[in-house]
Every structure is written in C-alpha cells, then in structure tokens.
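What follows draws every value from the coordinates through simple rules; no lab data is involved. Since this is a predicted model, take the numbers as computed values, not measurements. Note that each Cβ is placed from the backbone with ideal geometry, even for glycine, and that neighbours are counted across all protein chains shown.
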Amino acid sequence: MSEAAARWRAVRDQIDAECQRLNRDPAGLSLVVVTKFHPVELIEELLAVGARDFGESRHQDAVQKAAALEGRDLTWHFVGQIQSNKARPIAQYADVLHSLDRDSVVDALATAERRVQGFIELNLTDDPGRGGVNSADEMLRLAERIAQTETIDLRGVMAVAPLGMDPPQAFERVQTFSAILTQAHSSAAEISAGMSADWEAALAAGATHLRIGTSITGNRPQPR
Ligand SMILES: *Cc1c(COP(=O)(O)O)cnc(C)c1O
C-alpha cells in the first residue's frame, strides 16, 4: 500500500471513530480527497484502496485528470473559485460544484450539458473580495436563482474556516446559514466544511462533506 493510501485508511478510521462518538452514520458522510497539484498516479493509488471522491480547485488541471481517468468509478468535486466562462466546461466532468457564489456562474451552468450538484459558498471573512456570499440575504437570493435552474441540484452550503477564526465558531456560523437555507430549500441540508486541520470541529457542527488534502496526500508540490 502506498503512503497516501495508508494515510487515507488512517483518516477514514479516525472519521469513522469520530462518527461513532458523535452518534452519526459514517455512510451519510463524504470524504472528498483534495488532490490539487498532485499527479494522476496518486489518485490511482487512492482508487486502489477504495477512495471514490476527489476534489480539484483549478480547471486546467482538473480537466486533464478527469480525461486521464475517464470511465473510472469516481466522483469529481470542484472546490476552487469558478470563473463564469469555465463553469460549463467544469460541469462536463465535475459532478459536484462546491463553490457557487454568484449569478454569472449559476447562469452559465443553466446551459450546461449535464446536471450537477451544487453548494453555495459562504464567505466568513471580512474581506468582500473573497469567494462566497457574505450574508443570509445574498445566500437566499442565489439559492432562489439556483432553484430555478434545471441543471443544478442545490445540496447545501460550503465554507472554509477563515485563518484566525476559531474553527468551532466558524462552523457554528455555517450551521446557522445552513438552518436558514433549509427553511426555504428543505432538500439543501448538506454542509461541505472541514479540511485537514479542522475536520473534527466541522463534523461536530454537522458537516456532511469533508474536503481533506494534505493529511492524506502529503504536502502539495509547488503549483506549476
Ligand atoms: C486545498 C483545499 C482543501 C484541502 O485543504 P488541506 O488543508 O490540504 O486539507 C479543502 N478545501 C478547499 C476549498 C481547498 O482549496
């Protein structure tokens, strides 16, 4: 077994143990391995031991990996910022888009050739220039637009805990946003939150999709 495969097993075991402690069914949880900047071979190693969900953040890399692994039993998650002119091409290989954050992206997806699942990205920082919606009003408005888009199945909210914010506090805010969203869109109850350093806090706050990179893949090679 490769080092990455062994780390995947170890993280999976930790998550299962944490689920048991929290009385949650691990079957209801997606472990998305974020493989950005890593080669296709690493994904092959993880596929060999049973990993099925992979996340990428740059279209130009993701599209190549998706082509290289075409026909394999895996689900691609797109977790990076989406430029609106890349939204349709991303939807050709990615099944789940975690970072819907504005009208232009949603409108571009309206003409996608495949149906995708989508999460609304929340911006929990004070910097309005970051990806993600800044308020519940903005979230609800975007959710309404998504609901009117036949090609997007709205699953819930996604967030990254900001640097310098206590993760439990950040994920509590995510839970509040999620509760507001589900009042209007009852089937959009999923939460994409939690990375290598903070997934336990995210899980405790109801995360359904953990996006874990380095603690499985090892350190990322420098981006090209
Ligand atoms: C890179 C990335 C991750 C994974 O981060 P790690 O700290 O390596 O686990 C998760 N979510 C997003 C949006 C990312 O860009």
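What spacing in nm lies between the two simple spin-label points modelled at SER215 and GLN81, each 7 Å away from Cα in the Cβ direction?
For SER215 paired with GLN81, the spin-label model returns 2.7 nm.
For the ranges 204-213, 67-76, 174-183, what's the packing order if you count other beta-carbon atoms within 10 Å of each residue, average per peptide, and put the highest first?
204-213, 174-183, 67-76
For the chain, which DSSP H helices look membrane-span-like by this rule: Cα extent along the axis of 20 Å or more and mean Kyte-Doolittle of at least -0.5?
167-184
Can you compute 3J(HN,Hα) from phi for each residue in the stretch 113-128, using the Karplus curve 6.51 cos²θ - 1.76 cosθ + 1.60 with θ = phi - 60°, rounded to whole Hz and x for Gly and Pro?
7, 10, 8, 10, 9, x, 10, 8, 7, 9, 9, 8, 8, 8, 8, x
Would you mind telling me which residue in PHE37, PHE78, PHE119 has the biggest mean-square fluctuation in a Gaussian network model of the chain, where springs connect alpha carbons within a distance under 10 angstrom?
Between PHE37, PHE78, PHE119, it is PHE37 that shows the largest mean-square fluctuation.
Extension gain GLU172-ASP95, at 0.36 nm per residue separation less the Cα-Cα distance, in nm?
So the extension gain works out to 25.0 nm.
How far apart, in nm, are two points set 7 Å out from the Cα along the Cα-to-Cβ line at VAL49 and at ARG130?
About 3.2 nm, to one decimal.
Which FRET efficiency, nearest 0.05, do ASP13 and ARG72 yield, Cβ-Cβ r, R0 25 Å?
0.55
If I histogram all Cα-Cα distances within the stretch 119-179 using bins 10 Å wide from 0, what percent of pairs lands in each bin?
Reading upward from the zero bin: 22, 53, 21, 3.
Relative contact order, percent, of the chain when contacts are C-alpha pairs under 8 Å separated by at least 6 residues? Spell out each step's value before the answer.
Working: 420 pairs, mean separation 44.6, N = 224.
Value for the chain: 20 percent.
Note down the relative contact order for the stretch 124-179 as a percent, whole number, built from C-alpha pairs under 8 angstrom at least six residues apart.
Over the stretch 124-179, the number comes to 33 percent.
Counting other C-beta atoms within 10 Å, and keeping those with at most 11, which DSSP coil trypsin sites (Lys or Arg not before Pro) do you find in the stretch 99-140?
Of the trypsin sites (Lys or Arg not before Pro), not one in the loops of the stretch 99-140 has a Cβ with at most 11 other Cβ atoms within 10 Å.
Label MET165 and GLU3 with points 7 Å out from Cα along Cα→Cβ: what is the distance between them in nm?
With each label placed 7 Å out from Cα toward Cβ, I get 3.4 nm.
Among the GluC sites (Glu not before Pro) within the stretch 108-164, which fall in a DSSP loop and have no more than 12 other Cβ atoms within 10 Å of their own Cβ?
GLU113, GLU150
Can you give me the orientation-averaged projected area of the convex hull built on the Cα atoms of the chain, in nm²?
Its average projected convex-hull area is 11.9 nm².
For the stretch 18-128, place one equal point scatterer on every Cα, skip the solvent, and apply the Debye formula. What is log10 of I(q)/I(0) at q = 0.14, 0.21 Å⁻¹?
After summing over all Cα pairs, the log10 values are -0.62, -1.14.
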